[in-house]
């Protein structure tokens with residue numbers, strides 16, 4: 001199983017990448033703040049950050065669990081409860097996973113480029 005120190009290291013790498021990416025997207029993307037009816041879009045922070053969601057997903061692939069539900073309920077909500085104190089229910093986590101798909105893909109690509117070609121992702 002993966003150690004808590006390794007989980008912290010993975011989280012720091014992902015969080016730094018996520019903050020840099022969010023800053024670039026905010027600077028370069030022009031997203032509307034209102035929908036077609038004139039209502040404002042909700043922009044409330046969730047209990048779990050996107051970096052925490054991505055860390056949980058990455059750590060799953062380093063573990064020995066065969067299915068994600070068992071991993072989430074036993075490891076995240078059990079063993080790592082102190083490191084993820086605001087962990088949501090399993091069903092809610094599954095609903096949140098698509099939100100980080102694009103960023104997860106970019107993190108994976110950036111880390112592969114860094115490992116294979118020695119590029120710096122900072």
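The values are calculated or read from the model by the stated rules, or taken from the named source; none is laboratory data. As the structure is a prediction and not an experimental result, all values here were calculated from the model. Cβ placement follows ideal geometry from the backbone for every residue including glycine, while neighbour counts extend to all protein chains displayed.
Okay, here's what the table says:
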| item | result |
| --- | --- |
| Which listed residue is surrounded by fewer than 17 Cβ atoms within 10 Å (Cβ to Cβ), over 16 Å from the mean Cα position of the chain (by Cα) and in contact (Cβ under 8 Å) with a residue 12 or more places away in the chain, from 25, 73 | 73 |
| Test: residue in segment 29-46 that is at pLDDT 90 or above and surrounded by 13 or more Cβ atoms within 10 Å (Cβ to Cβ) | no |
| Among the residues listed as 2, 14, 53, the single one being surrounded by 13 or more Cβ atoms within 10 Å (Cβ to Cβ), modelled with pLDDT under 85 and either within 20 Å of residue 75 (Cβ to Cβ) or within 17 Å of the chain's Cα centre (by Cα) (or both) | 2 |
| In segment 107-122, residue nearest to the chain's Cα centre (by Cα) [restricted to those that are modelled with pLDDT of 75 or more and over 13 Å from residue 16 (Cα atoms)] | 108 |
